[in-house]
């Protein structure tokens, strides 16, 4: 009986680990799609995996509380060449599961070459992202995305 309980526990553990790895791959793929959408200035691609009621705040404090509002803001941002001049480089992504249906993602990107509205060069931007994913109907959706910025400390 003890062996049976041990074997069942082991199988359950392996199954959960496998599911977690599959979920991590899916979440990483979503993050990649969002980044590609940004690079391509493609609002539909960028927002494809955001929930309709997403709570999204950028590094400048612009807060959107729906996918529709986020699409409107991104359309404006994507039209600004001085903003889109910057090239983003991902530094890390940490994915942690609070439950099988909730994941927290912390990541950092460094944006180089962005300009201010007057055309002057901006220092490299160190953007930190905190994203909350929820699995809804077997599909991961971003329900919250907070972007903060820190300049290099001396």
Subset of the stretch 55-71 (residues that are part of a strand (DSSP E or B) and in contact (Cβ under 8 Å) with a residue 24 or more places away in the chain): 55, 56, 57
All positions within the stretch 121-151 that are over 21 Å from residue 61 (Cβ atoms) and part of a loop (DSSP other than H, G, I, E, B): 137, 138
Checklist (1) at pLDDT below 95; (2) surrounded by 11 or more Cβ atoms within 10 Å (Cβ to Cβ); (3) out of contact with any helix residue (DSSP H, G or I) (no Cβ under 9 Å at 6 or more places or on another chain); (4) in a strand (DSSP E or B) applied to residue 94, failing item: (2)
Residue in the stretch 123-135 that is over 28 Å from residue 28 (Cβ atoms) and either free of Cβ contacts under 8 Å to residues at least 40 places away in the same chain or under 10 Å from the mean Cα position of the chain (by Cα) (or both) present: yes
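The values are calculated or read from the model by the stated rules, or taken from the named source; none is laboratory data. In this text the structure is predicted, and so the values were computed from the model without any measurement. Virtual Cβ from ideal backbone geometry, glycine too; neighbours counted across all protein chains shown.
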